[in-house]
Amino acid sequence: MDFDVVVVGGGPAGLATAMRLRQVAAERGAEISVVVVEKGAEVGAHVLSGAVIDPVGLDRLVPDWREDPERPLETPVTEDQFLFLGPAGGVRLPNMLMPGLMSNHGNFIGSLGRVARWLAPRAEALGVEIYPGFAAAELLVEKGVVVGVATGDLGIGKDGKPGPNFTRGMELRAKYVVLAEGARGNLAKKAIHRYNLDYGREPQKYGIGVKELWEVTPDAHRPGLVQHSFGWPLDNATGGGSWLYHYGENLVSVGFVVHLNYTNPTLSPFDEMQQFKTHPLIRETFEGGKRIAYGARAIVEGGWQSVPKLCFPGGVLVGDAAGFVNVPRIKGSHNAILSGMLCAEHIAEALAAGRANDELTSYEEAWRSSAIAEDLKRVRNVKPLWSKFGTFGGVALGGLDMWAAQLFGTPIFGAMGHGKPDHECLSPIDKVKPKTYPKPDGVLTFDKLSSVFLSNTNHEEDQPSHLVLSDPKIPITHNLPKYGEPARLYCPAGVYEVVYSDTEKKTDPKFVINAQNCVHCKTCDIKDPAQNINWVTPEGGGGPVYPNM
């Protein structure tokens, strides 16, 4: 099938790209054929965010969205709180100490998945074709130029052979391919490697965000309250923090982020999240409430220094695939939409000039003088300062740097580097104090498997694993003795296990992959110290089906 533009990913960045292309086409009386392929069973199924949303992108894409009675964002932020937590108490930081960019005045609390579900029919009304349940598994490359994508075959058995329901994947050919897969996307990773797009950039950095959605009692609900914290249960050397967002009908989004440059291989981000909820200042929100949804995803944290080159022969990167997340604001959806629109306008110009399958260098040049660049440049040192000086020193210095950027137009510390990639940051297990976590009570704290159940995750069992080991021996021969095999802990879905023939004596260890549990967070692909785990797309439609997360 031939199109002018193929967009991979039906999140905010991909849908904004497609919609803006059709808007420009209508303005010019031209025809631009656009298709969006989405690996989730439906648009929004794989979208997960906090989310406090800066509406600047949505305002530009759909200026009258606030007038829609079914608008996806309904709860404006009414109060900002910043807390530093210790084991038994905490301190609220005065808002006047926070740089202006940290204010959420004018922003909305809601579900980014709902935003995507709201955008999809409007994209279709503009003439965009959307194919949910189709995973783009391969870049089509001819003579070094991307000419389209191929969706994955369906009906391949675990043995790698076609089964009775085998269906060959489709070739979707295009003049330009837009990769809008989110953080650590399968095709974006391949394109960055093939075309050396990260040359001269700092290593991309990541966090893992674990989120739950709760229905709380009316007395505990404070619509419009945005609460962020850092400190306990993480130690000073481990970056991360939390959020509580009150919105909708007695809904509270609670999440916990751990920066993936942590050093202790016995740390479990999932269990840090569970422990966080037991804090005296936090648990009262959830007393008498009910957990109704769960999910996790990787968060791009490298910022300005780590954004790769965005164009390559025949294609471009947008949104989280490009690394456009503002870390201290914990926001990226506004930049995702803005980058999609910017990219679309440059693709439309190229198509109008009769071009195809070349490099959109004008897009690469334009973003660096855009609002996206301004958003990232002024916070570019927050992440490296936190990594270098820990939570106490790093947060203070990061705040000072943001104040300088706000008052004088430039940060104090120039442009700092990130250092090592996240997979190189673990210490050997015999060099750390092992962490232990209390057992879940099933009321406030939970285990991984009951949590995965709430994510509605499902994969066809008779298919090859989408978690591919380059060397099947490494987990037991290398990772287990040196790091205690950290995959069993950093995975928030219980995908990885080490099982023994004799549990007490720990004899004959085997590495087990429960791929059917995978919530597509990509943490294993990022954090594995041997870089031995390669996350590839499973059959289309597999994975979580998040209900407006």
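The values are calculated or read from the model by the stated rules, or taken from the named source; none is laboratory data. Predicted, not measured: the structure shown is a model, and the values here were computed from it. Cβ: placed from backbone, ideal geometry, glycine included. Neighbour counts: every protein chain shown. These accessible areas exclude ligands, DNA and RNA; they are computed on the full protein's heavy atoms, side chains included. Shrake-Rupley method; radii C 1.70, N 1.55, O 1.52, S 1.80 Å.
Looking only at residues in region 268-283 that are surrounded by fewer than 22 Cβ atoms within 10 Å (Cβ to Cβ) and of a type in the set (A, V, I, L, M, F, W, C), the one that is farthest from the chain's Cα centre (by Cα) is L281. Close contacts from region 509-527, counting a first residue that is touching a residue at least 12 places away in the same chain (Cβ under 8 Å) and a second that is surrounded by fewer than 20 Cβ atoms within 10 Å (Cβ to Cβ) and among the small types (G, A, S), with Cβ to Cβ under 9 Å and a gap of 6+ residues or different chains, come to P509/S501; K510/S501; I513/S465; N514/G494; A515/S465; N517/G494. Restricting region 242-258 to residues that are farther than 16 Å from G288 by Cα, open to solvent by 10 Å² or more (accessible area, probe 1.4 Å) and not aromatic (F, W, Y) leaves a set whose member that is farthest from the chain's Cα centre (by Cα) is G248. Scanning region 446-469 for residues that are open to solvent by 40 Å² or more (accessible area, probe 1.4 Å), among the small types (G, A, S) and either farther than 18 Å from K161 by Cβ or assigned to a helix (DSSP H, G or I) (or both) gives a single hit, S450. Among the numbered conditions (1) in contact (Cβ under 8 Å) with a residue 60 or more places away in the chain; (2) farther than 30 Å from P99 by Cβ, the only one that K331 does not meet is (2).
Determine whether region 227-235 contains at least one residue that is aromatic (F, W, Y) and under 20 Å from S451 (Cα atoms). Looking for residues that are aromatic (F, W, Y) and under 20 Å from S451 (Cα atoms), one finds none in region 227-235, hence no.
Condition test on A183, is it open to solvent by less than 20 Å² (accessible area, probe 1.4 Å), closer than 20 Å to V5 by Cβ and of a type outside the set (K, R)?
Working: open to solvent by less than 20 Å² (accessible area, probe 1.4 Å): yes; closer than 20 Å to V5 by Cβ: no; of a type outside the set (K, R): yes.
Answer is no for this residue.
The residues of region 202-233 that are touching a residue at least 40 places away in the same chain (Cβ under 8 Å), open to solvent by less than 40 Å² (accessible area, probe 1.4 Å), closer than 12 Å to G289 by Cβ and part of a loop (DSSP other than H, G, I, E, B) amount to a single one, V216. Confirm whether K377 is surrounded by 24 or more Cβ atoms within 10 Å (Cβ to Cβ) and among the basic types (K, R). Here the answer is no, as K377 does not meet what is asked.
Taken over region 96-121, the residue count meeting the criterion of being open to solvent by 30 Å² or more (accessible area, probe 1.4 Å) and not hydrophobic (A, V, I, L, M, F, W, C) is 7.
Taking the numbered list (1) out of contact with any Leu (no Cβ under 7 Å at 6 or more places or on another chain); (2) in a strand (DSSP E or B); (3) surrounded by 15 or more Cβ atoms within 10 Å (Cβ to Cβ) in turn, E124 passes all entries but (2).
Condition check: touching a helix residue (DSSP H, G or I) at 6+ places or on another chain (Cβ under 7 Å), buried (at least 21 other Cβ atoms within 10 Å of the Cβ), over 22 Å from K205 (Cβ atoms) and at pLDDT 95 or above. Does Y546 satisfy that? Working first, answer last.
Values: touching a helix residue (DSSP H, G or I) at 6+ places or on another chain (Cβ under 7 Å): yes; buried (at least 21 other Cβ atoms within 10 Å of the Cβ): yes; over 22 Å from K205 (Cβ atoms): yes; at pLDDT 95 or above: yes.
When the stated conditions are applied, Y546 passes them.
Just the residues that are out of contact with any strand residue (DSSP E or B) (no Cβ under 8 Å at 6 or more places or on another chain), open to solvent by 60 Å² or more (accessible area, probe 1.4 Å) and under 24 Å from I282 (Cβ atoms), please, taken from region 67-95. Result: P87, A88, P94.
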